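As structure tokens, the structure follows; a few thoughts come after it.
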Amino acid sequence: MKAKDVMEPITETLSPETTLKEAVNRMKVARRGEGWTGVKGMIVLDDGKLAGIVSIKDILRAIIPSYMRLTELGEFTWDGMLEEMTKKVAGKKVGEVMTRDVITVSEDAPLMECADLMVKHSLQRLPVLDKDKRVVGMVYIRDLYQAIVQALLDKEGE
Amino acid sequence: MKAKDIMEQVKDHLSPDDTIRDAVNKMRVVKRDDGIVGVKGMIVLDREGNLVGMVSVKDILKAIIPFYMTMTELGEFTWEGMLSEMTKKVADKKVEEIMVKDVITVPEDAPLMECADFIVKHNLQRVPVVDREKRVVGIIYVRDLYNAIVKVLLNDKEVENI
Amino acid sequence: MTNEAAAATQPFVMNASFWTATVIFLLAYALIVSEKVHKTVVALFGAALMLVLKILEQKEAFHVEEFGVDWNVIFLLISMMVIINLMKPTGFFEYIAIKSAKLGKGEPMRIMTIFALVTAVLSALLDNVTTVLLLAPVTLLIADALEVDPVPFLIAEALASNIGGTATLIGDPPNIMIASKAKLDFISFIYNLTPAIIVIMAAFLFVLKLIFGKRLRVKPELRQRILEMDEREAIKDPLMLKKSLFVLAIVITGFVLHGMLGYEPATVALFGAGLLLLLSGTHEPHHVLAEVEWPTIFFFMGLFIIIGGVVKVGLIKWMSIEVLALTHGNMFATSMLIMWFSAFASAFVDNIPYVATMNPLIIDMANQIWPHLQGIKLLHNPELMPLWWSLALGACLGGNGTAIGASANVIVVGLAERAGRKITFIRFMAYGMPVMILTVLLSTVYVWLRYYVLKI
Amino acid sequence: MTQVTQEAAAASQPFVMDTVFWTATTIFVLAYAVIVSEKVHKTVVALFGAALMLVLKILEQYEAFHVEELGVDWNVIFLLIGMMTIINLMRPTGFFEYIAIKSAKAGKGDPMRIMTIFALVTAVLSALLDNVTTVLLLAPVTLLIADALEVDPVPFLIVEALASNIGGTATLIGDPPNIMIASKAKLDFMDFIYNLTPVVIVLMVVLLVVVKIVFGKKLKTREELKERIMQMNEKEAIKDPLMLKKSLFVLGLVLVGFVFHGTLHLQPATVALFGAGLLLLLSGTHDPHHYLAEVEWPTIFFFIGLFILVGGVVKVGLIKLMSMKMLDLTQGNLFATSMIVMWFSAIASAIVDNIPYVATMNPLIIDMAKQMWPQEAGLALLRHPDLMPVWWSLALGACLGGNGSPIGASANVIVVGMAERAGKKISFMRFVAYGFPIMLLTVFISMIYVWLRYYVLKF
């Protein structure tokens, strides 16, 4: 199996000009494969080109003040701080918080390559590109998980 | 709001002696709060119920991917079927060998910012919540924090309008 | 400075500082061998003690060549590491490795031979650890693809790396140290050691063929996996690769000519590192510098200072008198003794502290045999030269004897273990020790024939 | 050995403006220009410049690495490496976060009080450790506290940067210029304490008064926000109590070592290396790579490169030429020289990095001294009573001058960077608006101090 055999179609995208407030909204209502709603990451397209990817982690990263991330100050926070900081960033643009260096795979990549990239860069999802560098789908970590389950069931079957 | 206000119940756990095959089987049948079947991570408890580790799909993938691929840029030099080949090789490894042992936890009265800080800093998808005696009382998922953010940013009416 | 130099050549007295220095030296070496404490920490703390107790003044430790840190060695190592660190992410080594595997047409025995040769050549020009560290992962991948046992490949690479490293001044730390202390240049190493190494490599490959030739077989469809790999995908940064190769070529040319041009090797390497940093256009040199193997560098510095302490108090001089008494001043016997003793010592303990101790010892011995000579005349005395080459051959080739004899071996064993293929101490020795004895035997014949029979 | 004596003789020979002179001068000037332009990373420039000096044989490698007069000052290098290693081992213990939270609580959540206490803590820590580490560790806590109190963090951050540069001036190990001056002029830790600490205490008092006047009224917060600070438990900051005890023990030992290093005839680097070796040993680490890799290598190699660059121009005589010009200018009046050195150093350090500046000034002052007292040599020359005020003026000028602009000192750069990452951009002019007057004021007071102490009261 290759990336294109397990990838899921892209249903919705963001633009760099979207505000975080709107992005959060869109991610909450986006439809996923089997009829559930809500996704934890979306690609950002600018003029139809892949400009970045935003995940909940990126949004959290924008909310958590930089100095907290630089140090071990996690214990010194107060109740309500997250909510307070969230309000401050509501108007920020997706372009400011998205991950720009998006790691992608080609549609013919073996699953091992996808797994390697996900583990190495600690990713939950991987946009799949065709020969012309256009996004044609997304491989999620759960798709790889399915492949593992498949492999293990095979063995049990033997 | 504090950790205990948004955490979810622990549905099931693994034991250190489980094999990777057992772990995969347990993880795919667990029902979550939102009705979806299957989780991508589970805590590992020893016989006395102490938290000894955590296993996620990523840890299983890590066990499957040969380490020499992890330490180099050899990702392009793989062949089709390699993933299933390697998966079969590790199916009988014990959870103990692949679990993350230094589990990052938060106390139940931790402010949400503390949870968010740990989740982002250590790149986690879930963090166990412990009481004073260090026993696991729940788990906070990234999506729980997300829901907290959503509550601040939108009132539910707005969401329905879209 | 002149006073200090005089002090060094004075007959020693076994006073309190003699014994203090000797105790620090012995304790430090014992701890390093025991591996209870990290060797760098031991060496640094021992050096700090030598300074705090004023056995060696800080000025002597840092500024006096005879006693202190050999900055030529330190900066040669740092600079080469910087160049390699800048080169690593370009994917050059992966390219070479995949290319080699394809050249071997997916045939395991051929791949093993080509890998051994590539390892030997790269180890001669770069450092052994990097070479092995970069080739071993590809080896494991290829073994997985071919479904063969990777262990013979890995051991062959480790052995080839130690053999290849012996060939040049920059190939192996003992050579760097010997070159700096004995003021030998790159070409003298090429002229005196490379011929021996070529013979040894040929013998080694022959032995490999003999042992594994029959056993390594794979199914043709698995070979296809190798042939389908596109080595060009390994190149991550073609522009930087070109820059690196350009600088590496300058550096190697610089090494070849450094004796003629009157440059120290460190100057050549430092220039290369500076130039490549400049060409890379980096605004963040922290990463590249942090990646230097600092524990190794500080291990060297600490050792130099500890050795400086015992040189100053006269322990090394005393030892050299004992060695001379043993060999009755017979230089052939001395060089044979050095070669074989070095080989066995290096097989079991780290060869860096060993060579660090042997260098001043040999110089002290020469001082006593030819008291009227000094400087280059003393160091390059025709009768002394075979001793340097014997030390280099013994210390470098001895590393093949056991799994802990050389860093490359340690790396290979570690990588194999992580891949779930434990190489036991005995299994490594079953391959390594015979190869070591064979290679040192060949070296013995070489030294005897070249320097004592043919005298060329 | 004879080789060395010849080279030393060559170094003190009258210079000739031959090709070598011009080549060395060109490399030196170009390197400094590129460093100032910041087009290429300064470490890369210094290293490549040094490599050129060696490859063109303006300086032999032997001179660069082994001759004290011309080459790398290993005392400076290993003092820096030793202290950085100790700090790297100490950082993860949480000691600095503990101090900072404790200080904020000591200020009872009152912004003005917190600012005063933070400035004092910064000054003391900067005097004993390095400025960058101090600021790097205190700034995040400052930002956290400012968020908790809902006040603007910028004044806090700027005051900390200023306090760090002032505090660092007080001791031999406080600031790189002092380390370099001490090593070159063979001054010990107590000389610095005796000559610089008194004036720095005065300067700190002045800084605090100014801060009080400027911000006293403006900084107000609500009572319930103060409660947030008071509820923080500083003990949670301590991550590794055992290692903390070990670190404090070694740090205490090192400080005692510094205080007595002159009496014991140990070089500062020996003390620092011993401390680093001991703490590494006590930590029981099996992986020293991490701690050593964390050393600020770009800074260390910047120093190494600069020493070689300066060694090259010392050898060809450029520095001698400059020192003669300088003497012509002041006509041998040492008071005038001190004042020029101080003010010029201050202005120069406000605009450019003070490390290359001091690296150049050190041999220049020594050359000047040689021309004034040709019969003296060694310590008698370096520590000539008439020369001492010049060294102190250089130290005061170079260290305090750093306050003049956001790029004047590394601590300032760090603070501005941190503030920007926190979404509070400190513009160049805003920093100058606070920093430059403080710089002028502190250098002015230092001037009076030098004049009064060394030229009027003469003690």
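What follows draws every value from the coordinates through simple rules; no lab data is involved. Remember, predicted model here, so these are calculated numbers, not experimental data. Neighbour counts run over all protein chains shown; Cβ positions are idealised from the backbone, glycine included.
Nearest 10 degrees, 0 to 90: what angle lies between the long axis of helix D:95-106 and the longest principal axis of chain D (Cα atoms)?
50 degrees
Rounded to two decimal places and with Rh computed the Kirkwood way over Cα pairs, what is Rg over Rh for region D:374-459?
Values: Rg = 17.9 Å, Rh = 15.1 Å.
Result: Rg/Rh = 1.19.
So which helices of chain C fit the span-like rule, where a helix is a whole DSSP H run, its Cα atoms reach 20 Å or more along the axis, and its mean Kyte-Doolittle is at least 1.6?
What comes out of the filter, once short or polar helices are dropped, is C:16-34, C:71-87, C:108-125, C:128-146, C:194-212, C:238-261, C:265-280, C:294-313, C:425-447.
Tell me the Kirkwood radius of chain D: reciprocal of the mean inverse pair distance over distinct alpha-carbon atoms, in Å. Don't skip to the end; give the middle numbers.
Numbers: mean 1/r = 0.0435 Å⁻¹.
About 23.0 Å for chain D.
For every other residue with a beta carbon closer than 10 angstrom to the beta carbon of A:Thr77, add +1 if it is Lys or Arg and -1 if Asp or Glu, then tell me the sum. Before the final figure, lay out the partial values.
Values: positive: D:Arg228; negative: A:Glu75, A:Asp79, B:Glu114, B:Asp117, D:Asp147.
Cβ neighbours under 10 Å give a net charge of -4.
Applying 1/(1 + (r/R0)^6) with R0 = 60 Å to the Cβ-Cβ distance of B:Asp5 and C:Lys219, what FRET efficiency is obtained, to the nearest 0.05? The partial results should precede the final answer.
Values: r = 60 Å, r/R0 = 1.00.
Approximately 0.50, to the nearest 0.05.
How many nm is it between the label spots at C:Val121 and C:Ser34, if each spot is 7 Å from the Cα in line with the beta carbon?
4.6 nm
Enter the mean number of other protein chain beta carbons within 10 Å of the beta carbon of each residue in C:143-156, as an integer.
Details: counts 1, 9, 5, 0, 1, 0, 0, 1, 0, 0, 0, 0, 0, 0.
Average per residue, whole number: 1.
For B:Val44, what residues show an amide H to amide H distance below 5 Å, using hydrogens built from the backbone and excluding near sequence neighbours?
The list, which skips near neighbours in sequence, is B:Leu14, B:Val52, B:Gly53, B:Met54, B:Val55.
Using alpha carbons only, how many angstrom separate the centre of region D:57-112 from the centre of region C:137-174?
What the calculation gives is 41 Å, centre to centre.
At a 10 angstrom cut-off on C-beta neighbours, averaged per residue, how do the peptides A:130-138, A:114-122, D:154-162 rank from highest to lowest? Could you put the intermediate results ahead of the total?
On the way: A:130-138: 14.1, A:114-122: 20.9, D:154-162: 25.7.
Descending mean neighbour count gives D:154-162, A:114-122, A:130-138.
If one takes the longest principal axis of the Cα atoms in chain D, at what angle in degrees, from 0 to 90 and to the nearest 10, does the Cα axis of helix D:2-12 lie?
So the helix axis and the longest Cα principal axis differ by about 80 degrees.
How far, in degrees from 0 to 90, does helix D:131-149 lean away from the longest principal axis of the Cα atoms of chain D, to the nearest 10?
Approximately 20 degrees, to the nearest 10.
May I ask you to derive the FRET efficiency for D:Ile213 and B:His122 from their Cβ-Cβ distance with R0 = 60 Å, giving the value to the nearest 0.05? Write out the running numbers ahead of the final one.
Working: r = 45 Å, r/R0 = 0.75.
Calculated transfer efficiency: 0.85.
Quick check on my link table: of A:Lys40/D:Lys105; A:Lys4/A:Lys49; D:Lys184/D:Lys325; A:Lys21/D:Lys425; D:Lys39/D:Lys186, which ones sit more than 29 Å apart, alpha carbon to alpha carbon?
Details: A:Lys40/D:Lys105 40 Å; A:Lys4/A:Lys49 19 Å; D:Lys184/D:Lys325 22 Å; A:Lys21/D:Lys425 24 Å; D:Lys39/D:Lys186 35 Å.
Those over the limit are A:Lys40/D:Lys105; D:Lys39/D:Lys186.
Between A:Arg134 and C:Leu210, what is the label-to-label distance in nm when each label sits 7 Å out along the Cα-to-Cβ direction?
6.4 nm
Over chain B, what is the mean sequence separation of C-alpha contacts under 8 Å (at least six apart), divided by residue count, expressed as relative contact order in percent? Can you show the working numbers first?
Numbers: 225 pairs, mean separation 47.4, N = 162.
Result for chain B is 29 percent.
How crowded by other chains is B:35-41, given as the mean number of beta carbons from other chains within 10 Å of each beta carbon?
On the way: counts 1, 3, 0, 4, 0, 5, 0.
That works out to 2 on average.
So the label point goes 7 Å from the Cα of D:Lys186 along Cα→C-beta, right? Which residues of region D:371-390 then have their backbone N under 11 Å from it?
Zone members listed by number: D:377-384.
Sum -39500 (n - 2.57) across every DSSP H segment of at least 4 residues in chain A, then divide by the residue count to get the 222 nm mean residue ellipticity, nearest 500.
Values: 8 runs with 67 residues, N = 158.
Mean residue ellipticity at 222 nm (helix-derived): -11500 deg cm²/dmol.
Once the Cβ-Cβ distance between D:Gln371 and D:Asn333 is put in as r, and R0 is 22 Å, what FRET efficiency do you end up with, to the nearest 0.05?
Working: r = 14 Å, r/R0 = 0.64.
Approximately 0.95, to the nearest 0.05.
Can you tell me the Rg and Dmax of region B:3-153, counting just the alpha carbons, in angstroms?
Taking only Cα atoms of region B:3-153, I get Rg and Dmax of 16.7, 50 Å.
On average, how many beta carbons from a partner chain sit within 10 Å of the beta carbon of a residue in C:94-103? Walk me through the numbers before you get to the answer.
Details: counts 5, 0, 0, 3, 3, 0, 0, 1, 0, 0.
Mean number of neighbouring Cβ atoms from other chains: 1.
log10 I(q)/I(0), Debye, Cα-only region B:42-130, no solvent, q = 0.11, 0.12, 0.13 Å⁻¹?
So the normalised log intensities work out to -0.43, -0.50, -0.57.
What order, most packed first, do the peptides C:440-451, D:44-55, A:96-107 have when packing is the mean number of other Cβ atoms within 10 Å of each residue?
D:44-55, C:440-451, A:96-107
Return a whole-number percent for the relative contact order of chain C, with Cα pairs under 8 Å and 6 or more residues apart as the contact set.
Numbers: 636 pairs, mean separation 110.7, N = 456.
RCO, chain C: 24 percent.
Per residue of region D:186-201, in order, report the coupling 6.51 cos²θ - 1.76 cosθ + 1.60 (Karplus, θ = phi - 60°) as ³J(HN,Hα) in whole Hz, putting x for Gly and Pro.
For region D:186-201, the Karplus curve yields 6, 9, 9, 4, 5, 4, 5, 4, 6, 9, 9, 4, x, 5, 5, 4 Hz.
Hey, what do the phi angles of region D:55-64 turn into as Karplus ³J(HN,Hα) couplings, whole Hz, using 6.51/-1.76/1.60 and θ = phi - 60°, x for Gly and Pro?
Result, rounded to whole Hz: 5, 7, 6, 5, 10, 6, 4, 4, 5, 5.
Could you list log10 I(q)/I(0) for region A:48-157 at q = 0.14, 0.18, 0.21 Å⁻¹, which the Debye formula gives when each Cα is one point scatterer?
Ignoring solvent entirely, the Cα scatterers give -0.75, -0.97, -1.12.
What is the ratio of the Cα radius of gyration of the protein assembly as shown to 2.2 N^0.38 Å, where N is its residue count, to two decimals? Could you put the intermediate results ahead of the total?
Details: Rg = 32.8 Å, N = 1235, 2.2 N^0.38 = 32.9 Å.
For the protein assembly as shown, the normalised Cα radius of gyration comes out at 1.00.
For D:Ala380 and D:Lys220 in the same chain, what is the full-extension length gain: residue separation times 0.36 nm, less their Cα-Cα distance, in nm?
Values: separation 160, 0.36 × 160 = 57.60 nm, distance 5.63 nm.
Contour length minus the Cα-Cα distance gives 52.0 nm.
Per residue of region A:69-78, what does 6.51 cos²θ - 1.76 cosθ + 1.60 with θ = phi - 60° give for ³J(HN,Hα)? Whole Hz please, x for Gly and Pro, Karplus curve as stated.
6, 7, 9, 9, 8, x, 6, 9, 10, 10
Between B:Thr19 and residues 5 or more places away or on another chain, which pairs have amide H atoms under 5 Å apart, with H built 1.01 Å from N, and which residues are they?
Result for B:Thr19 returns B:Val95.
Under a 5 Å amide H to amide H cut-off, with H placed in plane at 1.01 Å, what residues pair with A:Val136 once short-range neighbours are removed?
Under 5 Å from the amide H of A:Val136 lie the amide H atoms of A:Val128, A:Leu129, A:Asp130, each far enough along the sequence or on another chain.
Where does the charge balance sit around D:Ile87 when Lys and Arg score +1, Asp and Glu -1, over other residues with C-beta under 12 Å from its C-beta?
Details: positive: D:Arg91; negative: D:Asp130, D:Glu294, D:Glu296.
Result for the neighbourhood of D:Ile87: -2.
Could you list the square roots of 5 times each eigenvalue of the Cα gyration tensor of chain C, that is, the equivalent ellipsoid semi-axes, sorted largest first and rounded to whole Å? The partial results should precede the final answer.
On the way: eigenvalues 291, 125, 87 Å².
Semi-axes from the Cα gyration tensor: 38, 25, 21 Å.
For region D:310-359, what is the convex hull volume of the alpha-carbon atoms per residue, in Å³?
Numbers: hull volume 3.7 nm³, N = 50.
Cα-based convex hull of region D:310-359, divided per residue, equals 74 Å³.
I want to verify a result. In a Gaussian network model of chain B, Cα cutoff 10 Å, which of these has the top mean-square fluctuation: B:Lys88, B:Lys62, B:Lys151?
In the Gaussian network model the winner is B:Lys151.
In deg cm²/dmol and to the nearest 500, what is the mean residue ellipticity at 222 nm of chain B if only DSSP H runs of at least 4 residues count, each as -39500 (n - 2.57), divided by the residue total? Could you put the intermediate results ahead of the total?
Values: 9 runs with 67 residues, N = 162.
That comes out to -10500 deg cm²/dmol.
With springs only between Cα atoms under 10 Å, which of A:Thr13, A:Thr71, A:Thr37 fluctuates most in a Gaussian network model of chain A?
Top of the fluctuation ranking is A:Thr71.
Using the basic label-point model (7 angstrom from Cα toward the beta carbon), what is the C:Leu103 to C:Met260 distance in nanometres?
Result: 2.8 nm between the two label points.
Considering only C-alpha atoms, what is the centroid distance from region C:192-252 to region D:232-280, in Å?
Cα centroid of region C:192-252 versus Cα centroid of region D:232-280: 49 Å apart.
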